[in-house]
């Protein structure tokens with residue numbers, strides 16, 4: 001395999017903190033790499049260094065001569081003064097090449113005059129991928145490609161990447177997405193030797209390798225601990241020995257102790273202390289009866305009924321705009337139903353994690369967001385020093401004084417969770433709480449929710465998190481009836497089966513229509529049927545001639561003639577398809 005990108009002994013710091021040092025790796029042809037690691041490890045920085053967007057403090061990144069790099073930003077942006085189509089045709093003026101790419105990305109049926117902002121989040125991401133693909137990159141970098149997408153769009157991108165011949169590197173916290181799209185894992189973590197652990201294999205293989213590494217490190221720690229104990233005992237006894245030997249042993253003891261402390265810090269798992277506490281929870285929390293709700297002429301819910309108990313762990317799946325967040329707002333009484341009732345049991349308090357995290361005051365410090373006045377917060381009935389409380393969420397004293405606007409996405413999510421844990425509630429409504437959280441944060445949140453004694457209604461694009469947190473999945477897909485599933489994979493099986501059935505129904509309906517119109521051919525239709533075959537043969541001969549002409553060196557050197565031939569080929573192909581469809585229609589009537 002050809003080496004595309006080589007990184008040698010990279011060192012980089014940010015804000016006075018070393019992110020990584022002496023790091024080396026390579027990206028080869030056909031590599032499908034997932035870059036993972038805890039928040040703050042430097043994934044985005046390494047991403048940009050490997051793509052040569054920024055330079056490291058020291059070390060080298062070498063790209064193969066002539067290497068073309070694509071970079072899909074987490075949030076795709078395009079100027080709305082032009083349509084999405086005009087943006088793409090500026091990148092690739094060759095209409096044939098453009099149509100070929102749009103066909104691969106299933107964008108040929110999208111209105112060419114649409115502004116980029118008028119497209120859904122899934123379509124925007126797809127258009128962003130098209131823009132990068134048209135640059136014909138040798139390697140594509142994708143930063144959180146699934147963030148803020150509905151599950152249908154995630155599955156589409158998943159399938160596209162899995163089936164493509166692209167070499168790519170992506171950052172994502174979506175474990176199922178990683179498992180299905182990546183065949184190599186880069187794990188950036190200070191616990192790893194030289195910061196980076198590389199696994200040739202999928203995420204499941206990597207997790208096994210990482211567990212073995214940590215086990216080995218712990219075994220090494222135990223051996224070093226025993227050595228340290230012996231050395232310490234010897235030093236304390238003050239044994240009689242030559243001065244030089246004693247000096248050596250004292251120095252050796254200091255070296256072992258330094259290595260021991262360093263390795264112990266590496267192995268120590270970062271575990272955020274998420275704990276929503278133990279609260280008395282009524283058996284029934286919420287009842288929705290005969291609910292109707294519409295946006296304008298679009299019906300979202302019709303005659304919808306739901307009972308939420310103290311043991312409810314409900315995950316909600318659906319396309320963007322299908323009504324997932326709407327349901328949460330109906331429960332919060334921020335929206336009123338057209339018909340029916342949404343009734344909370346008396347005394348039940350609700351905590352709401354909003355997707356936009358607008359509850360956070362961005363201009364205020366982290367500390368002030370938790371404790372606007374004084375130095376203590378009330379947590380589970382006890383007064384706790386606010387800074388001590390924040391430490392359990394991974395914030396150091398310096399970060400506590402920073403305005404929230406300067407926090408990363410994952411840090412903002414953690415501070416919002418910290419706010420929620422100060423509330424007394426029996427029902428949690430969580431709208432995309434997993435966005436930007438690293439694996440350690442997700443694991444801690446998952447554990448806290450498992451221990452929560454109340455009901456949970458969760459909207460999340462993280463399918464692993466939803467499947468392990470929830471005991472029931474609800475699929476919202478108006479105008480179709482709401483469907484319930486026991487787990488995510490049962491829904492996925494239904495989703496793919498529904499697509500196949502829908503396609504089969506279309507074919508069956510088309511055939512039925514043809515059969516119903518079968519009454520025999522009129523004299524005029526017989527003449528038409530006989531003439532069509534001759535016309536198709538004539539057009540196919542002309543088409544073959546045009547295709548041969550398009551491959552000649554003279555034409556290929558003339559972009560204007562190339563385009564003219566392409567238009568003729570397209571027009572002729574369409575005529576042949578129309579004639580062939582008419583021939584089949586008449587043939588069925590015979």
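The values are calculated or read from the model by the stated rules, or taken from the named source; none is laboratory data. Please read these numbers as outputs of a predicted model, since none were measured by experiment. Cβ placement follows ideal geometry from the backbone for every residue including glycine, while neighbour counts extend to all protein chains displayed.
Tell me which residues, restricted to region 373-401, are closer than 26 Å to residue 443 by Cα, in a loop (DSSP other than H, G, I, E, B) and in contact with a helix residue (DSSP H, G or I) (Cβ under 7 Å, 6 or more places away or on another chain).
If the condition is that a residue be closer than 26 Å to residue 443 by Cα, in a loop (DSSP other than H, G, I, E, B) and in contact with a helix residue (DSSP H, G or I) (Cβ under 7 Å, 6 or more places away or on another chain), then 393, 394, 395 are the ones that fit.
Any chance you could count how many residues in region 402-429 are in a helix (DSSP H, G or I) and either outside the structural domain of residue 351 (by TED's automatic domain parsing) or out of contact with any helix residue (DSSP H, G or I) (no Cβ under 7 Å at 6 or more places or on another chain) (or both)?
Step one: filter region 402-429 for residues in a helix (DSSP H, G or I), giving 404-406, 409-421.
If we keep only those that are either outside the structural domain of residue 351 (by TED's automatic domain parsing) or out of contact with any helix residue (DSSP H, G or I) (no Cβ under 7 Å at 6 or more places or on another chain) (or both) as well, we get 405-406, 409, 411, 413, 416, 420-421.
Qualifying residue count for the region: 8.
If I ask for residues that are in a strand (DSSP E or B) and within 25 Å of residue 490 (Cβ to Cβ), which ones from region 310-360 would you list?
313, 314, 315, 316, 317, 318
Do we find that residue 6 is more than 28 Å from residue 409 (Cα to Cα), touching a strand residue (DSSP E or B) at 6+ places or on another chain (Cβ under 9 Å) and not in a loop (DSSP other than H, G, I, E, B) in this structure?
yes
Consider residue 185 carefully, then state whether it is under 20 Å from residue 121 (Cα atoms) and touching a helix residue (DSSP H, G or I) at 6+ places or on another chain (Cβ under 8 Å).
Details: under 20 Å from residue 121 (Cα atoms): no; touching a helix residue (DSSP H, G or I) at 6+ places or on another chain (Cβ under 8 Å): yes.
Answer is no for this residue.
Could we say that residue 178 is closer than 23 Å to residue 213 by Cβ, part of a helix (DSSP H, G or I) and touching a residue at least 40 places away in the same chain (Cβ under 8 Å) here? If you could, list the steps in order and put the result at the bottom.
On the way: closer than 23 Å to residue 213 by Cβ: yes; part of a helix (DSSP H, G or I): yes; touching a residue at least 40 places away in the same chain (Cβ under 8 Å): yes.
Here the answer is yes, as residue 178 does meet what is asked.
If I filter region 386-403 down to residues being in contact with a strand residue (DSSP E or B) (Cβ under 6 Å, 6 or more places away or on another chain) and within 12 Å of residue 418 (Cβ to Cβ), which single residue comes out as modelled with the highest pLDDT?
386
Any residue at all in region 53-72 that's closer than 21 Å to residue 154 by Cα and in contact with a helix residue (DSSP H, G or I) (Cβ under 6 Å, 6 or more places away or on another chain)?
yes
Residues that are under 26 Å from the mean Cα position of the chain (by Cα), modelled with pLDDT under 90 and assigned by TED's automatic domain parsing to the domain that holds residue 49: find the helices (runs of 4 or more DSSP H) completely inside region 66-143 holding 1 or more of those.
Values: elements: 84-91, 95-104, 121-133.
Ranges flagged: 95-104, 121-133.
When you check residue 363 against the structure, is it surrounded by 13 or more Cβ atoms within 10 Å (Cβ to Cβ) and either in a loop (DSSP other than H, G, I, E, B) or at pLDDT 85 or above (or both), yes or no?
Considered against the rule, which asks whether it is surrounded by 13 or more Cβ atoms within 10 Å (Cβ to Cβ) and either in a loop (DSSP other than H, G, I, E, B) or at pLDDT 85 or above (or both), residue 363 comes out as no.
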